[in-house]
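Have a look at the structure below, then the notes.
The values are calculated or read from the model by the stated rules, or taken from the named source; none is laboratory data. A quick note: this is a predicted structure, and the numbers were derived from the prediction, not measured. Using ideal geometry, Cβ is built from the backbone for each residue, glycine included, and neighbour counts are taken over all protein chains shown. Accessible surface is based on the protein model in full, side chains and every heavy atom, while ligands, DNA and RNA are left aside. Shrake-Rupley method; radii C 1.70, N 1.55, O 1.52, S 1.80 Å.
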Amino acid sequence: TPQETDLCRIAARHDTDKGPGFTRTYHSLLSHVRDEPLRLLEIGLYNGGSMRMFREYLPNATLHGIDIDPRCFAYQDEIPGTQVRLLDQGDPAALLAFIDELGGEYDLILDDGGHTMQQQITSFETLWDHVTPGGAYIIEDIGTSYFLEYGGRELNEPGTSMDLCKRLTDAVNLGGDVAQGFVS
């Protein structure tokens, strides 16, 4: 189909939960740099399908992953050029220790982890400074901002990942001195 991309076809070969909406978006972000030595961090590895997908699509990339499930540790032996660490994305000290251990910045950070507001916000606030200029930080399941069981809230209530994104958008558009301290 015209909407199908190389990454969509690769995803179909791997057991990934990343549907065409995600794979088309990632293809548009990465197709022009897919042979470069990118650094990618994925939070939440599930069954390793997306790590396998990214390994095939980004042959020269360094892939890092974090998860709390000990079974995910095996992916670093199964998928070349991959480092996996077991840690809780909601623990800023553990995230910073991970960054200290593996060093550097990331061209792409994908949060497909625990989906709670505390996890998403903590990960973003801790890892944002480690995204390269021109890089991207993506929270895949930001819709949980509206699900109470994930710590979400009613529409337009503060304290959700979506609220954080709205405030960041406001800060960018306000610019200058007005934006200073607007987001915290």
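Data overview
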quantity: Choice from A93, A12, A171 showing the highest fluctuation, given a GNM over the chain with Cα pairs closer than 10 Å; calculated: A171
quantity: Projected label distance in nm at I68 and S31, using a 7 Å step from Cα toward the beta-carbon; calculated: 3.7
quantity: Rounded accessible area of D107 (nearest 10 Å², 1.4 Å probe); calculated: 50
quantity: Additional length obtainable on full extension of the chain from N60 to L102, 0.36 nm per residue less Cα span; calculated: 13.4 nm
quantity: Region 56-184 - percent relative contact order, Cα under 8 Å, separation 6 or more; calculated: 16
quantity: Centre separation in Å (Cα based) which lies between region 41-63 and region 92-108; calculated: 17
quantity: Among (1) 21.1; (2) 9.3; (3) 11.5, the entry that matches mean projected area of the Cα convex hull in nm² as calculated here; calculated: (3)
quantity: By accessible area with a 1.4 Å probe, ligands and nucleic acids excluded, highest first: order of C8, C165; calculated: C165, C8
quantity: Percent carbon-and-sulfur accessible area, region 2-143, ignoring ligands, DNA and RNA, probe 1.4 Å; calculated: 53
quantity: Semi-axis lengths (Å, descending) of the ellipsoid that matches the C-alpha gyration tensor of region 31-80; calculated: 20, 10, 9
quantity: Full-stretch length increase - L86, E157 - with 0.36 nm per residue and alpha-carbon distance subtracted; calculated: 22.3 nm
quantity: FRET efficiency for K166 and Q118, using Cβ-Cβ distance with R0 set to 22 Å, rounded to 0.05; calculated: 0.75
quantity: Accessible area of region 40-102 divided out per residue, in Å², using a probe of 1.4 angstrom; calculated: 42
quantity: Mean residue ellipticity (222 nm) of the chain, computed from DSSP H runs ≥ 4 via -39,500 (n - 2.57), nearest 500; calculated: -11000 deg cm²/dmol
quantity: Net charge over other residues, Cβ less than 13 angstrom from the Cβ of G152 (K, R count +1; D, E count -1); calculated: -4
quantity: Dipole in debye (nearest 20) - region 17-154, about Cα centre, beta carbon charges: Lys, Arg +1; Asp, Glu -1; calculated: 380
quantity: Probe 1.4 Å - accessible area at K18, Å² to nearest ten; calculated: 10
quantity: Pair-distance profile P(r), taking every C-alpha pair of region 88-184, with 10 angstrom steps and integer %; calculated: 16, 43, 34, 7
